[in-house]
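Step one of this worksheet: look at the structure below.
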Amino acid sequence: MNILVYPGSFDPITIGHMDIIRRAVKLCDQLIVAVLPNSNKKAAFSVKERVELIQASIDAEKDFTLAERVKVDAYHGLLVDYCRNVGAMATVRGIRRESDFPYEAEQVAANRLLYREYEAILLPCRPDLAFTSSTIVREVAKYGGDISGMVPQVCCDYIFKRLQLKKQPAEVKINGG
Ligand code: PNS
């Protein structure tokens, strides 16, 4: 069985991630969407929340192929160890624009040093989703903006309310703002 792993922070899932899931599942027998830690980022959502939001987004598609062939998981450790554990043939990641490439290439090179069998597929994103990111979602929601065009509809309210709750009061007030 050809297994692909789609790793990421998914903090939270966006419609860009969903597009990669829909396309990547066609390239394998089983796609595992794996929430992994990114030590450069402090997550806004817990691992459990992120897994549940991804699963809810997949379920909401009501698509037989997705339901049968996509599994959502979480792992606290190195991506290569996870890939070995599940017997993945490769990982898949979306490339939104040219500036994503150096980071992805560095990750691939590091992973290949750790695991000789490691292989990676980089899928170019849909151009209209090139500027959709979890970072933008968190920023827009924090200031009360509309994120409905950026995240799967089924989890839009949850993500918005949750990020509003996390909003910290401003430490310094400028011009009474
Ligand atoms: O969505 P992100 O934050 O760009 O995903 C990055 C992620 C989670 C895929 C990456 O940080 C990762 O693989 N984390 C697990 C730890 C690891 O294996 N790091 C790479 C070795 S250099």
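The values are calculated or read from the model by the stated rules, or taken from the named source; none is laboratory data. This structure is a prediction, so every number in the text was calculated from the model and none was measured. Note that each Cβ is placed from the backbone with ideal geometry, even for glycine, and that neighbours are counted across all protein chains shown.
Among what's in segment 14-63 and is of a type in the set (D, E) and not in a helix (DSSP H, G or I), pick the residue that is nearest to G149 (Cα to Cα). That would be E61.
Reported count of residues in segment 74-106, each being away from the ligand (no atom under 13 Å from the Cβ) and under 13 Å from G8 (Cα atoms), is 0. For the residues V51, V70, V80, the requirement of being β-branched (V, I, T), modelled with pLDDT of 95 or more and within 13 Å of R22 (Cβ to Cβ) singles out V70.
Here's the yes/no breakdown for (1) small (G, A, S); (2) free of Cβ contacts under 8 Å to residues at least 60 places away in the same chain:
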| site | (1), (2) |
| --- | --- |
| E49 | no, no |
| I54 | no, yes |
| S57 | yes, no |
| K62 | no, yes |
| L66 | no, yes |
| H76 | no, yes |
| Y82 | no, no |
| N85 | no, yes |
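Return yes or no: is D11 touching a residue at least 60 places away in the same chain (Cβ under 8 Å), of a type in the set (D, E) and within 14 Å of the ligand (Cβ to nearest atom)? Yes: the conditions hold for D11.
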